[in-house]
Amino acid sequence: MFEITTTDDGVIHLEGRFDAAQVDRARSFFEGITTSHTIDFSKLAYIASAGLGLLFATQKRLVDAGEAFKLTGLNPHIREIFKIAGFDNIFEIE
Amino acid sequence: VTAVSRSFDREIPALDGIFDFVGAFIARHELDERTAFSLNLIVEELFTNFVRHNEGGGEQIVLAIEKNNNTIRIELVDDGVEPFDPDTVAEVPVRAGIDERRPGGLGIHLIRTMVDSLHYDYETENRRLRVSVTKTLEP
């Protein structure tokens, strides 16, 4: 199961497992994002390189436009993966 | 030694069945959450790399996992494909800023970081590509 929802406060919530089988659906969502948002990871259990690559590409496009994602609620495993990927340099992580 | 093996269709949606298969192995051996996360990720990255990059090949890819004392070994076997040399995949500049970074190469970087050994071999006779990794469990 993987879900993306945006609440009224503009926060994007990821839930479930963000694996390679989910990336096409997620891509159509993230391609529509053009401004800064907080992404809440607190209900995300798992992410692999396909999801990381999509978040990276979106962040790169946003930063070029003077915008950016801020990430919150990463579980310890996902936080470790972000560090291994060097994404602690790429995203502001709370 | 306990080992399990199964064939999966050469397509990304096969990941659902692969996670069920890996999950059953994790449950049977009562592996901790951190190990479970790593094993799922290693298998996903190896499998998706095979699906995306192996040229040729039959309908299915064989995945095997075994536990021998405190070592987990994961192997994927793909018949009828071209050779692959992981050393041709460029290192990811993980300390670089966003301007210098490009997408790609992350999967193999994550695998290299999380395993104790990563080995590819190729049998010319049946054009069989085999990748195996080992991971020592934390005490």
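Please treat every number below as a calculation from the coordinates, not as lab data. Keep in mind that this is a model prediction, so the values were computed, not measured. Here the Cβ is made from the backbone with ideal geometry for all residues, glycine too, and neighbour counts use every protein chain on show.
Considering each of A:ASP64, A:ASP88, A:ASP40, A:ASP24 in turn, give the residue that is buried (at least 18 other Cβ atoms within 10 Å of the Cβ) and among the acidic types (Asp, Glu).
On the way: A:ASP64 fails: buried (at least 18 other Cβ atoms within 10 Å of the Cβ); A:ASP88 fails: buried (at least 18 other Cβ atoms within 10 Å of the Cβ); A:ASP24 fails: buried (at least 18 other Cβ atoms within 10 Å of the Cβ).
So the residue among A:ASP64, A:ASP88, A:ASP40, A:ASP24 that is buried (at least 18 other Cβ atoms within 10 Å of the Cβ) and among the acidic types (Asp, Glu) is A:ASP40.
Take A:THR5 and decide whether it is away from every other protein chain (no Cβ under 12 Å), free of Cβ contacts under 8 Å to residues at least 24 places away in the same chain and part of a strand (DSSP E or B).
Numbers: away from every other protein chain (no Cβ under 12 Å): yes; free of Cβ contacts under 8 Å to residues at least 24 places away in the same chain: yes; part of a strand (DSSP E or B): yes.
Yes.
Can you tell which of B:GLU100, B:GLU138 is in a loop (DSSP other than H, G, I, E, B), touching a Ser or Thr at 6+ places or on another chain (Cβ under 9 Å) and within 14 Å of chain A (Cβ to nearest Cβ)?
Numbers: B:GLU100 fails: touching a Ser or Thr at 6+ places or on another chain (Cβ under 9 Å).
Exactly one residue qualifies, and that residue is B:GLU138.
Test B:ARG52 against the stated conditions and say whether it is surrounded by fewer than 14 Cβ atoms within 10 Å (Cβ to Cβ), within 11 Å of chain A (Cβ to nearest Cβ) and under 26 Å from B:PRO83 (Cα atoms). Please lay out each step first, then the result.
Numbers: surrounded by fewer than 14 Cβ atoms within 10 Å (Cβ to Cβ): yes; within 11 Å of chain A (Cβ to nearest Cβ): yes; under 26 Å from B:PRO83 (Cα atoms): yes.
Yes; evaluated as a whole, the condition is true for this residue.
If you check every pair at least six apart or on different chains, which have Cβ atoms under 7 Å apart with a residue in the stretch B:17-28 that is within 17 Å of B:THR71 (Cα to Cα) first and a residue that is in a helix (DSSP H, G or I) and of a type outside the set (Asp, Glu) second?
Pairs that qualify, where the first residue is within 17 Å of B:THR71 (Cα to Cα) and the partner is in a helix (DSSP H, G or I) and of a type outside the set (Asp, Glu), are B:VAL22/B:LEU39; B:VAL22/B:ASN40; B:VAL22/B:VAL43; B:ILE26/B:ALA36; B:ILE26/B:LEU39.
Across the stretch A:32-63, which residue is nearest to the other protein chains (Cβ to nearest Cβ) among those that are part of a loop (DSSP other than H, G, I, E, B) and in contact (Cβ under 8 Å) with a residue 24 or more places away in the chain? Outline the logic, then answer.
As a first pass, look at the stretch A:32-63 and keep what is part of a loop (DSSP other than H, G, I, E, B): A:32-36, A:48.
Retained after the next criterion (residues that are in contact (Cβ under 8 Å) with a residue 24 or more places away in the chain): A:33-36, A:48.
Values: A:ILE33: 16, A:THR34: 17, A:THR35: 17, A:SER36: 14, A:ALA48: 5 Å.
Once the filter is applied, the top-ranked residue is A:ALA48.
Do we find that A:ILE84 is under 21 Å from B:VAL94 (Cβ atoms), more than 12 Å from the chain's Cα centre (by Cα) and aliphatic (A, V, I, L, M) in this structure?
Values: under 21 Å from B:VAL94 (Cβ atoms): yes; more than 12 Å from the chain's Cα centre (by Cα): yes; aliphatic (A, V, I, L, M): yes.
Spelling it out, A:ILE84 is indeed under 21 Å from B:VAL94 (Cβ atoms), more than 12 Å from the chain's Cα centre (by Cα) and aliphatic (A, V, I, L, M).
Answer yes or no: is there a residue in the stretch B:115-123 that is touching a residue at least 60 places away in the same chain (Cβ under 8 Å) and within 14 Å of the chain's Cα centre (by Cα). Explain how you work it out, then say what you get.
Filtering the stretch B:115-123 down to residues touching a residue at least 60 places away in the same chain (Cβ under 8 Å) leaves B:115.
Adding the requirement that they be within 14 Å of the chain's Cα centre (by Cα) leaves B:115.
Within the stretch B:115-123 (the criterion being touching a residue at least 60 places away in the same chain (Cβ under 8 Å) and within 14 Å of the chain's Cα centre (by Cα)), the answer is yes, since at least one residue qualifies.
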